[in-house]
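Inspection log for the structure reproduced underneath, given as structure tokens.
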Amino acid sequence: MLRTPGAVRDAERWTAHNYHPLPVVISSAEGAWLTDVDGKRYLDCLAGYSALNFGHRHPQLIAAAHAQLDRLTLTSRAFIHDQFADFCRELAELCGKDLVLPMNTGAEAVETGIKVARKWGYQVKGVPAGQATIVVADGNFHGRTTTIVSFSTDEDARADFGPYTPGFTIVPYGDLDALTAAIDENTVAVLLEPIQGEQGVVVPPEGYLPGVRQVCTERDVLFIADEIQSGLGRTGKTFACDHEGVVPDMYLLGKALGGGIVPVSAVAANADVLGVLKPGQHGSTFGGNPLACAVAVEVVRLLATGEFQRRSAELGERLRAGLEGLVGKGLVEVRVRGLWAGVDIDPALMSGREACERLMERGILAKDTHGSTIRLAPPLVITEEEIDLAVAALAEVLTA
């Protein structure tokens with residue numbers, strides 16, 4: 001007797017319905033492959049929204065977690081532990097920044113960035129108290145806290161969660177003129193995703209990010225890059241900003257930083273920015289805990305070799321070629337940067353959800369977003385043959 005139907009029913013019965021998962025129940029995983037409770041294997045083409053860039057149960061990361069579990073897992077930041085300095089130093093060096101502030105989730109990193117930018121605006125730039133504003137882009141996805149959804153343009157994420165936090169100006173994504181016009185004397189930061197993941201892997205026009213960097217420098221405004229999904233090897237570079245040689249004032253990191261084992265996020269910036277925080281002004285009980293740091297420092301060391309960035313760039317070209325071959329054959333458009341793709345299906349054929357359900361039947365797990373768009377973001381350990389398998393399954397779905 002199959003176990004999946006009952007397990008799905010139990011999940012639906014006892015869980016708040018804030019997600020609409022595919023009807024698959026995973027029990028184990030390794031590398032790029034998942035196995036459900038009935039023994040069926042699936043190729044993971046979501047990778048936990050980039051939290052599993054290094055695949056499931058990467059041996060080096062698992063070994064670091066096991067070793068730390070036997071010694072020390074939590075102290076809180078009331079004390080210093082022996083994994084903390086190594087993690088902060090090596091991540092700061094990877095980012096080319098002076099300092100790191102560890103947190104847990106991506107949303108916490110974004111909230112931290114907002115708080116730091118406002119404090120910097122008041123203490124360094126001289127913005128009048130309570131008047132700081134931050135410019136953001138429509139189509140953004142930075143998390144789901146009440147402050148973050150206050151500047152979301154996705155009504156599913158925003159509706160009925162007011163009253164909303166003020167202090168944000170929304171401009172069209174990719175429109176440098178609109179962004180420039182929105183900056184005034186009270187603007188303390190521009191907060192952007194270098195590539196909008198939730199929106200469907202939307203890559204901005206060439207020259208946009210360098211333009212944002214330039215105007216932020218000229219107008220004394222912080223450029224905050226939310227690289228929580230796009231960073232740490234996903235796009236074929238360490239950071240998506242690297243594709244155009246752009247260095248933001250602040251990196252917001254998460255997801256892959258925890259190696260698919262523990263939630264880890266961080267803010268990286270120079271001392272003239274993060275230095276505005278003093279003891280007692282911001283913190284987290286679990287942020288920078290020993291277990292998180294032990295895993296995350298190994299993530300940073302994997303990235304320092306450049307191997308995963310190269311794999312993403314090279315295999316991403318194979319993914320691009322396969323997907324572009326399906327344009328006009330059920331696909332309307334594809335957008336690919338490294339091993340990250342937004343795939344627009346002809347809405348006359350099916351919705352994105354329907355496409356993902358049909359891919360699931362063929363042993364491929366992916367995630368839909370916004371109508372007939374699906375996202376493909378396999379672990380960076382995927383092989384050429386596995387990429388071909390995923391593309392072939394999509395072709396079959398489109399023509400079935």
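The values are calculated or read from the model by the stated rules, or taken from the named source; none is laboratory data. Just so we're clear, the structure is a prediction, and the values are computed from it rather than from any experiment. No Cβ is skipped: glycine too gets one built from the backbone with ideal geometry, and neighbour counts run over all protein chains shown.
What the table shows:
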{"quantity": "Residue within segment 172-181 that is out of contact with any helix residue (DSSP H, G or I) (no Cβ under 9 Å at 6 or more places or on another chain) and of a type in the set (A, V, I, L, M, F, W, C) present", "calculated": "yes"}
{"quantity": "Test result for VAL262, farther than 28 Å from ASP82 by Cβ, surrounded by fewer than 24 Cβ atoms within 10 Å (Cβ to Cβ) and at pLDDT 95 or above", "calculated": "no"}
{"quantity": "Residue ID - surrounded by the most Cβ atoms within 10 Å (Cβ to Cβ), chosen from residues in segment 1-34 that are among the hydroxyl-bearing types (Ser, Thr, Tyr) and in a loop (DSSP other than H, G, I, E, B)", "calculated": "THR15"}
{"quantity": "Residue in segment 80-99 that is in contact with a helix residue (DSSP H, G or I) (Cβ under 9 Å, 6 or more places away or on another chain) and assigned to a strand (DSSP E or B) present", "calculated": "yes"}
{"quantity": "Number of positions in segment 35-71 that are touching a residue at least 24 places away in the same chain (Cβ under 8 Å) and not in a helix (DSSP H, G or I)", "calculated": "19"}
{"quantity": "Unique residue being assigned by TED's automatic domain parsing to the domain that holds ILE224, surrounded by 16 or more Cβ atoms within 10 Å (Cβ to Cβ), in contact (Cβ under 8 Å) with a residue 40 or more places away in the chain and closer than 22 Å to TYR251 by Cβ when the list is VAL127, VAL135", "calculated": "VAL135"}
{"quantity": "Single match in VAL327, VAL332 (criterion: without any contact (Cβ under 8 Å) to a residue 12 or more places away in the chain and touching an Asp or Glu at 6+ places or on another chain (Cβ under 8 Å))", "calculated": "VAL327"}
{"quantity": "The lone exception for LEU339 - which of (1) in a loop (DSSP other than H, G, I, E, B); (2) in contact (Cβ under 8 Å) with a residue 60 or more places away in the chain; (3) surrounded by fewer than 21 Cβ atoms within 10 Å (Cβ to Cβ) it fails", "calculated": "(3)"}
{"quantity": "Set SER76, SER50: member being at positive phi and assigned by TED's automatic domain parsing to the domain that holds VAL276", "calculated": "SER76"}
{"quantity": "Out of LEU252, LEU232, sole residue that is touching a residue at least 60 places away in the same chain (Cβ under 8 Å), more than 21 Å from GLY316 (Cβ to Cβ) and assigned by TED's automatic domain parsing to the domain that holds ASN104", "calculated": "LEU252"}
{"quantity": "Top-ranked residue in segment 226-248 [being surrounded by fewer than 24 Cβ atoms within 10 Å (Cβ to Cβ) and out of contact with any Lys or Arg (no Cβ under 7 Å at 6 or more places or on another chain); ranked as farthest from ALA92 (Cα to Cα)]", "calculated": "GLU244"}
{"quantity": "Subset of segment 291-307 [under 14 Å from GLY254 (Cβ atoms) and either modelled with pLDDT under 95 or touching a Phe, Trp or Tyr at 6+ places or on another chain (Cβ under 8 Å) (or both)]", "calculated": "ALA292, ALA296, VAL299, VAL300"}
{"quantity": "Residues located in segment 363-382, provided they are in contact with a Leu (Cβ under 9 Å, 6 or more places away or on another chain) and charged (D, E, K, R)", "calculated": "LYS367, ARG375"}
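Conditions (1) crowded, with 19+ Cβ neighbours inside 10 Å; (2) out of contact with any Phe, Trp or Tyr (no Cβ under 9 Å at 6 or more places or on another chain); (3) at pLDDT below 95, marked per residue:
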position: ALA157; (1), (2), (3): no, no, no
position: PRO166; (1), (2), (3): no, yes, no
position: ILE183; (1), (2), (3): yes, yes, no
position: GLN196; (1), (2), (3): yes, no, no
position: GLN199; (1), (2), (3): yes, no, no
position: VAL202; (1), (2), (3): no, no, no
position: PRO205; (1), (2), (3): no, yes, no
position: THR217; (1), (2), (3): no, no, no
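Okay, residues lined up against (1) assigned by TED's automatic domain parsing to the domain that holds PRO128; (2) hydrophobic (A, V, I, L, M, F, W, C); (3) under 17 Å from LEU339 (Cα atoms):
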position: ASP177; (1), (2), (3): yes, no, no
position: ALA181; (1), (2), (3): yes, yes, no
position: GLU198; (1), (2), (3): yes, no, yes
position: GLU206; (1), (2), (3): yes, no, no
position: VAL212; (1), (2), (3): yes, yes, no
position: THR217; (1), (2), (3): yes, no, no
position: ALA240; (1), (2), (3): yes, yes, yes
